[in-house]
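Structure first, then comments.
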Amino acid sequence: ECSMIDVILMNSLLKAVPDNMTLILVDDVDQLPSVGAGKVLSDIIASGVIPVIKLEKIFRQAQKSRIVTNAHKINHGEMPFLTDRDSDFLFADAGASTPVNNSNLNGESETEEDTADIRSERAAYEVLWLCTNYLPKQCRIKPEDIQVLTPVRRGSVGSANLNQRLQAAINPEGVSSKRAGIDYRIGDKVMQIRNNYVKAVFNGDIGFISTVNTEDSELTVSFDDRTVTYDISELDELVLAYATTIHKSQGSEFPYVVMPLMMSHYMMLQRNLLYTGVTRAKKGLILVGEKKAVYIAVKNNKIVERNTRLAERLKKL
């Protein structure tokens, strides 16, 4: 599985593979590219010298899922179905009926920028309501099975602000350890943000804080079936993970995803980003946003150029 393999890591992998071994690369080339340098799988496919099999058929079982069918529509530059009421893919319109020329509470004229801020605030409250009320209380979905994915870190519907609001609503009290202005409480959902080979936890691993020891200034995090201890000085390796960016989620899968997509995310509205976010959801996805933002993302298939020359070099082998 090579969705996050860059040229340096691929170089190390190929050096370690014996000459008599077959190497099969599995990935979805339409997702976001690796964080590191290069676009390895795209270049390998573009070279034409490596056998490639592309899976495009939607089988009968998958046809029942709007997540699957909408992912294929997005991938083909088509608008996804947004009007379904009874499916695993729902759309909550955060941009409907927003007054552009109305007055604000101070009686001053409201600008387009003010209105964009109001829409973003509305989306943030919608995300909060879905995660703390609708999904856990009305749909009986465990909070730990819900993941908020957003295109950006900053702003009203960025991961930093949403994490603060979600923590305040879901886990507001209890023993905590504070670092860099963030309270880490028992029960908090957290993510490891750098590789730590000593602790054997890696960038993107998600766990839950199980104990906080204020006397020894340390806490423990449960990752799947094991716990890892952190000293307070090591807490910069952790961030709250009630919400995270779509980029950070690549390679992961979550039972239920709530994803804001707004015009305030304009610089990030790309097809591969929307496609990656949608395909992180396994059982259900709620897209909270503006239809115009979805349309722009679907139609924007411009990929940032990465000048690797790997495809050209492979052709010469």
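Does residue 239 count as hydrophobic (A, V, I, L, M, F, W, C), under 27 Å from residue 165 (Cβ atoms), in contact with a Leu (Cβ under 7 Å, 6 or more places away or on another chain) and surrounded by 14 or more Cβ atoms within 10 Å (Cβ to Cβ)? Against the criterion (hydrophobic (A, V, I, L, M, F, W, C), under 27 Å from residue 165 (Cβ atoms), in contact with a Leu (Cβ under 7 Å, 6 or more places away or on another chain) and surrounded by 14 or more Cβ atoms within 10 Å (Cβ to Cβ)), residue 239 does not qualify.
Residues checked against (1) out of contact with any Ser or Thr (no Cβ under 9 Å at 6 or more places or on another chain); (2) assigned to a strand (DSSP E or B); (3) at pLDDT 90 or above; (4) not charged (D, E, K, R):
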residue	(1), (2), (3), (4)
259	no, yes, yes, yes
266	yes, no, no, yes
272	yes, no, yes, yes
287	yes, yes, yes, yes
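Among all positions in the stretch 150-164, there is at least one residue which is modelled with pLDDT of 95 or more, aliphatic (A, V, I, L, M), open to solvent by less than 50 Å² (accessible area, probe 1.4 Å) and within 30 Å of residue 236 (Cβ to Cβ).
For every residue, the table says whether it meets (1) open to solvent by 80 Å² or more (accessible area, probe 1.4 Å); (2) part of a loop (DSSP other than H, G, I, E, B).
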residue: 3; (1), (2): no, yes
residue: 12; (1), (2): no, no
residue: 15; (1), (2): yes, no
residue: 37; (1), (2): no, yes
residue: 41; (1), (2): no, no
residue: 44; (1), (2): no, no
residue: 49; (1), (2): no, yes
residue: 53; (1), (2): yes, yes
residue: 58; (1), (2): no, yes
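Against the criterion of being open to solvent by 10 Å² or more (accessible area, probe 1.4 Å), free of Cβ contacts under 8 Å to residues at least 40 places away in the same chain and out of contact with any helix residue (DSSP H, G or I) (no Cβ under 7 Å at 6 or more places or on another chain), residue 175 qualifies. Total residues in the stretch 263-288 satisfying the condition of being over 15 Å from the mean Cα position of the chain (by Cα) and buried (at least 21 other Cβ atoms within 10 Å of the Cβ): the figure is 1. If we scan the stretch 37-56, do we find a residue that is of a type outside the set (A, V, I, L, M, F, W, C) and under 19 Å from the mean Cα position of the chain (by Cα)? No, there is no match, as no residue in the stretch 37-56 is of a type outside the set (A, V, I, L, M, F, W, C) and under 19 Å from the mean Cα position of the chain (by Cα). If residue 17 meets every condition in (1) closer than 23 Å to residue 204 by Cα; (2) without any contact (Cβ under 8 Å) to a residue 40 or more places away in the chain apart from one, which number is that one? Failed condition: (1). Tally time: how many residues in the stretch 192-227 are of a type in the set (Val, Ile, Thr), open to solvent by less than 80 Å² (accessible area, probe 1.4 Å) and part of a strand (DSSP E or B)? Qualifying residue count for the region: 7. Within the stretch 190-225, the set of residues being under 24 Å from the mean Cα position of the chain (by Cα) and among the basic types (Lys, Arg) comprises 194 only.
All of (1) β-branched (Val, Ile, Thr); (2) more than 20 Å from residue 286 (Cα to Cα); (3) modelled with pLDDT of 95 or more hold for residue 115 with one exception: (3).
For the stretch 289-303, a tally of residues being part of a loop (DSSP other than H, G, I, E, B) and either of a type outside the set (A, V, I, L, M) or free of Cβ contacts under 8 Å to residues at least 40 places away in the same chain (or both) returns 4. Considering 230, 184, the condition of being under 24 Å from the mean Cα position of the chain (by Cα) and either crowded, with 20+ Cβ neighbours inside 10 Å or among the charged types (D, E, K, R) (or both) is satisfied by 184 alone.
The values are calculated or read from the model by the stated rules, or taken from the named source; none is laboratory data. Only a predicted model underlies this, so the values are computations on that prediction, with no experimental measurement involved. Don't worry about glycine lacking a Cβ; one is built from the backbone with ideal geometry, like all the others, and counts go over all protein chains shown. Only protein heavy atoms, including side chains, enter the accessible area calculation; ligands, DNA and RNA are left aside. Shrake-Rupley method; radii C 1.70, N 1.55, O 1.52, S 1.80 Å.
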